[in-house]
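Single-structure report; data block below.
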Amino acid sequence: MVKTVKEINEKIQDGKAVVVTAEEIIDIVRQKGVKKAAEQVDVVTTGTFGPMCSSGVYFNIGHSNPRMKLGGGRIYLNDVLAYAGGAAVDVFLGCNALPDDDPRNRFYPGEFNYGGGHVIEELVSGKDVRLVATGYGTDCYPRRRLETWINIADLNQAVLFNARNAYQNYNVAANTSNKIIYTYMGVLKPNLGNISYSSAGQLSTLMNDPYYKTIGIGTKIFLGGGTGYIAWQGTQHNPNVQRTENGVPSESAATLAVIGDLKEMNSRYLMGTSMLGYGCTLSVGIGVPIPILSEEILQYTSVTDADIFGTIVDYSEAYPNLKPETLGKISYAELRSGKITIRGKEVPTASLSSYPRAVEIATTLKEWVQNGKFLLTEPVAPLPGVGSDTTFKFLKERPIEE
């Protein structure tokens with residue numbers, strides 16, 4: 001049984017495509033088997049929603065009168081520092097950015113942060129955002145200071161560009177020390193007081209296409225409530241890791257760089273997020289349709305939480321050290337049960353990502369495809385896969401002689 005993306009798109013346009021979510025396909029395969037399911041199902045939709053730190057927006061505010069060169073100056077959005085190294089009126093804002101004078105931009109356990117992710121949420125919500133910029137002035141751009149309110153409706157372009165999203169599996173975080181620690185995986189209580197993880201498991205995109213056979217550069221996706229595209233492999237993309245027989249990695253592997261029109265998105269799927277005692281980020285909603293081109297592809301999409309294992313990492317040793325102690329592997333089915341046993345101790349578990357919101361994204365994308373509003377795309381180039389020379393490296397530090 002072999003299908004093509006073109007054939008599936010024709011069925012979508014005719015209203016005849018069979019589309020199911022990555023959660024629904026599990027029971028279909030159990031009832032009908034892989035062969036019959038592959039013959040009947042055309043598209044499986046995936047979804048994930050959780051904190052994704054390497055995210056940001058760039059936009060063009062338009063020229064003021066007189067003109068001003070923002071590039072090379074300083075730009076603040078609701079007092080949060082943005083990047084001013086681009087062109088005259090192009091601005092980039094990262095989701096981790098913080099105000100200069102906010103005491104919370106240093107380590108203050110017990111406090112939350114307001115930062116770039118929250119500004120992005122306010123922009124996409126249609127709220128006015130205060131922009132304050134200073135520049136050095138030139139003959140062609142004489143203005144030196146600008147204070148104004150900006151609104152996404154008035155921006156020339158507003159683009160979400162995320163350099164590393166949708167991790168293909170990630171650490172399960174623990175803390176064996178005798179003190180509480182504040183991390184990007186949340187607050188970790190001492191003496192194995194809790195376990196934190198962040199994945200939609202069986203709904204996650206790269207768990208359902210573990211070898212990137214249908215997903216690649218140019219793939220059209222659900223992004224932040226609108227549509228977007230996979231622009232490149234994400235930073236720290238690391239496909240050459242140990243995998244199970246069904247291709248699922250048990251440690252951090254692939255990542256995606258994604259891009260889309262911020263003006264099409266909404267704050268239900270782009271949400272500023274504070275990590276207590278650590279900083280701020282942006283929770284991002286991503287959904288990718290997987291065309292069922294073969295029985296092999298269908299088999300991958302039938303993966304369950306019981307098939308997916310994460311590595312439990314001791315964050316009291318992992319950061320700042322580069323060789324953390326691992327405490328074994330655990331399935332997502334066990335993690336989602338709410339408690340696991342480590343070293344003879346029952347430990348509560350909690351997810352930073354929202355599984356219900358991931359279901360919502362996969363279901364919304366399913367409806368878009370069924371209604372003919374979303375056609376599939378073929379990648380223009382593949383992502384680096386197993387056997388490529390793409391690897392994750394730690395920094396090779398070299399002393400700088402004074």
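Scanning the stretch 28-51 for residues being over 30 Å from T273 (Cα atoms) and either in contact with a Pro (Cβ under 6 Å, 6 or more places away or on another chain) or modelled with pLDDT under 95 (or both) gives a total of 1. Checked across the stretch 8-16, the condition of being out of contact with any strand residue (DSSP E or B) (no Cβ under 6 Å at 6 or more places or on another chain), in contact (Cβ under 8 Å) with a residue 60 or more places away in the chain and of a type in the set (A, V, I, L, M) holds for at least one residue. Annotation: of all residues in the stretch 199-242 being free of Cβ contacts under 8 Å to residues at least 60 places away in the same chain and more than 14 Å from G287 (Cα to Cα), the one that is surrounded by the most Cβ atoms within 10 Å (Cβ to Cβ) is W232. Determine whether K323 is modelled with pLDDT of 95 or more, among the charged types (D, E, K, R) and in the same structural domain as W232 (by TED's automatic domain parsing). Here the answer is no, as K323 does not meet what is asked. Only one of the numbered conditions (1) at pLDDT 95 or above; (2) farther than 18 Å from P66 by Cα is violated by V132, and that is (2).
Here is a yes/no grid of residues against (1) closer than 25 Å to K345 by Cα; (2) in contact with an Asp or Glu (Cβ under 6 Å, 6 or more places away or on another chain):
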| position | (1), (2) |
| --- | --- |
| P190 | yes, no |
| I195 | yes, no |
| G201 | yes, yes |
| N208 | no, no |
| Y211 | no, no |
| I215 | no, yes |
| K220 | no, no |
| G224 | no, no |
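Being surrounded by fewer than 24 Cβ atoms within 10 Å (Cβ to Cβ) and either under 20 Å from the mean Cα position of the chain (by Cα) or part of a strand (DSSP E or B) (or both) holds for only one residue in A163, A153, and it is A163. Look at the stretch 29-44: where a residue is on the phi < 0 side of the Ramachandran plot and a partner is loosely packed, with under 15 Cβ neighbours inside 10 Å and not in a helix (DSSP H, G or I), sitting 6+ places away or on another chain with Cβ atoms under 6 Å, you get A38/M1; E39/M1. Checking each residue in the stretch 210-230 for being in contact with a Gly (Cβ under 9 Å, 6 or more places away or on another chain), farther than 16 Å from T363 by Cβ and not in a strand (DSSP E or B) picks out P210, Y211, Y212, K213, G224.
Given the structure, is E245 part of a loop (DSSP other than H, G, I, E, B), under 17 Å from the mean Cα position of the chain (by Cα), farther than 29 Å from I120 by Cβ and at pLDDT below 95? Answer is no for this residue. Among the candidates T301, T311, the residue that is closer than 25 Å to L395 by Cβ, buried (at least 19 other Cβ atoms within 10 Å of the Cβ) and under 20 Å from the mean Cα position of the chain (by Cα) is uniquely T311. Looking at the stretch 75-101 only, could you name the residues that are loosely packed, with under 15 Cβ neighbours inside 10 Å and either more than 30 Å from Q233 (Cβ to Cβ) or at pLDDT 95 or above (or both)? Once the filter is applied, which keeps residues that are loosely packed, with under 15 Cβ neighbours inside 10 Å and either more than 30 Å from Q233 (Cβ to Cβ) or at pLDDT 95 or above (or both), the stretch 75-101 yields D100, D101.
The values are calculated or read from the model by the stated rules, or taken from the named source; none is laboratory data. Given the structure is predicted, the values throughout are model-derived calculations rather than measurements. Neighbour counts are summed over all protein chains in view; Cβ atoms, including those assigned to glycine, are modelled from backbone coordinates with ideal geometry.
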